[in-house]
Amino acid sequence: MRTQVAIIGAGPSGLLLGQLLHKAGVDAVIIERQSAEYVLSRIRAGILEQVTADLLDEAGVGERMHQEGLVHGGFDLLWHNQRNRIDLERLTGGKKVICYGQTEVTRDLMEARQAAGLPSYYSASEVAVHDFDSARPSVSFVHEGVRHTLECDFIAGCDGFHGVCRASVPRAAIREFERVYPFGWLGLLSDTPPVHHELIYINSPRGFALCSQRSLTRSRYYVQVPLSEKVENWSDERFWNELRARLDEPARESLVTGPSLEKSIAPLRSFVTEPLRFGRMFLAGDAGHIVPPTGAKGLNLAASDVKYLSAAFIEYYSEHSEAGLDGYSARCLKRIWRGERFSWWFTQLMHEFPEQGEIHARFQEAELEYLLHSEAGQRTIAENYVGLPLDFGS
Ligand code: APR
Ligand code: PHB
């Protein structure tokens, strides 16, 4: 078997890359460890920056996002029992975000790939990458009991944080930067109308909480919990009570509860790999970096990696130029560190950090007071949340 680009992983990064390459006439094969059903069962954030929405349009998969996605011109920040609306639209000269679940983005991409009859191997085992430091890389894997070798020009490592691509790089060739936060997010999905028409980010004395949504009838809520918590200890009733205790009176009154469709605890991590290129293998999305979910940047950073990577491959095949490939890592990392910084900062601002002592709590108080009473402060939240321009600082 042979292809131009072997894509490892069928999350949003791998599928979007596949679609953009297909549009430009570049051949790719996707190899995924899990089944398609399993990939679609993962619940993740769903706030799309304009840049991400534009890229989904460019890939030809934006139709349902425009029909069903909810356009948000702001969000509420609840602190000291007071709502502060961050008016994204006014503060950023008209920019908004689209609330559309990552699962739906993945579904749209999967369906488009299937409709175009493009090759994908799901439930592949023993996936291994070979010779990416040479001109003839390859990928080996087992599918339905048969061992395959896929020869290719390039390998795109879109295989997430626990993938095989980053793990195959010699340790001396890679630098990793990491912070693990001392708490997680306990999330609950339910078929209940959202408590508010926009998101509410909450800094309460009991810890952070977030009221998010998937549609006008489906809600997603989170509460900060210690890392030692087990999801089994959280009945739906306990979750709703804890969420209620972190809300303000109007939200407490209008909150509609119901049985959970999904409940899980996610740890929070900041992580960056440098570089993102190793010979003929390139990392994109969660394979190269992780952000804590507070700024909703994960999917958006993955999308900008894929934008740069697809452009670099297309330039290589159409113009015989390696400039895009050579610049890929530095170009992505600039944007990634901006997203990492915002996600880390917004996490620090909104969560309880008991182990950092009273002084941290006082700094947080003073910072929130400043930000929420200053136009410049609100704008700094808003312009990062909607996404800084792609070429910012260049
Ligand atoms: N072989 C093949 N596939 C693999 C392997 C492997 N050895 N290891 C992992 N995978 C697959 C995973 O099963 C998963 O489907 O790679 C895929 C990676 O997908 P994601 O983890 O969703 O990562 P990515 O596509 O980069 O999406 C980034 O996901 O976690 C969120 O916040 C993040 O929204 C962002 C988005
Ligand atoms: C979500 O809807 O899951 C979500 C939204 C915004 C975030 C994080 C998660 O910042």
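The values are calculated or read from the model by the stated rules, or taken from the named source; none is laboratory data. No experiment lies behind these values; they were computed from the predicted model shown. Neighbour counts run over all protein chains shown; Cβ positions are idealised from the backbone, glycine included. Each accessible area value is taken on the protein alone, full model and side chains, heavy atoms only, with ligands, DNA and RNA left out. Shrake-Rupley method; radii C 1.70, N 1.55, O 1.52, S 1.80 Å.
Odds and ends about this structure:
- Across the chain, C-alpha contacts under 8 Å between residues 6 or more apart give a mean separation that, scaled by the residue count, equals a relative contact order of 20 percent.
- Using the 1.4 Å probe convention, the accessible area of the chain works out to 43 Å² per residue with neighbouring protein chains retained.
- Tilt relative to the chain, helix 357-372 - C-alpha long axis, 0 to 90 degrees, to 10: 90 degrees
- Compactness check for segment 70-199: Cα Rg over 2.2 N^0.38 Å is 1.57.
- Over the chain, the pair-distance histogram of Cα-Cα distances with 20 Å bins from zero comes to 27, 56, 16, 0 percent, rounded to whole numbers.
- Net charge over other residues, Cβ less than 10 angstrom from the Cβ of Leu299 (K, R count +1; D, E count -1): 0
- Computed on the Cα atoms alone, the convex hull of segment 191-347 gives a volume of 141 cubic angstrom per residue.
- Protection-proxy order for peptides 160-169, 241-250, each taking the mean of Cβ atoms within 10 Å per residue, highest first: 160-169, 241-250
- Using alpha-carbon coordinates, inclination of helix 236-246 to the longest axis of the chain, degrees: 60 degrees
- Counting only DSSP beta bridges with both residues in the chain, the antiparallel share comes to about 75 percent.
- Equivalent ellipsoid of segment 1-99: semi-axes from √(5λ) of the C-alpha gyration tensor, largest first, are 34, 17, 10 Å.
- Percent accessible area from carbon and sulfur atoms, the chain, protein chains only, probe 1.4 Å: 50 percent
- When DSSP beta bridges are restricted to pairs lying wholly in segment 5-131, around 60% turn out antiparallel.
- Distance between the pseudo-spin-label points of Tyr38 and Ser125 (7 Å out from Cα toward the beta carbon): 1.1 nm.
- For the chain, the longest principal axis of the Cα atoms and the long axis of helix 375-385 meet at an angle of about 40 degrees.
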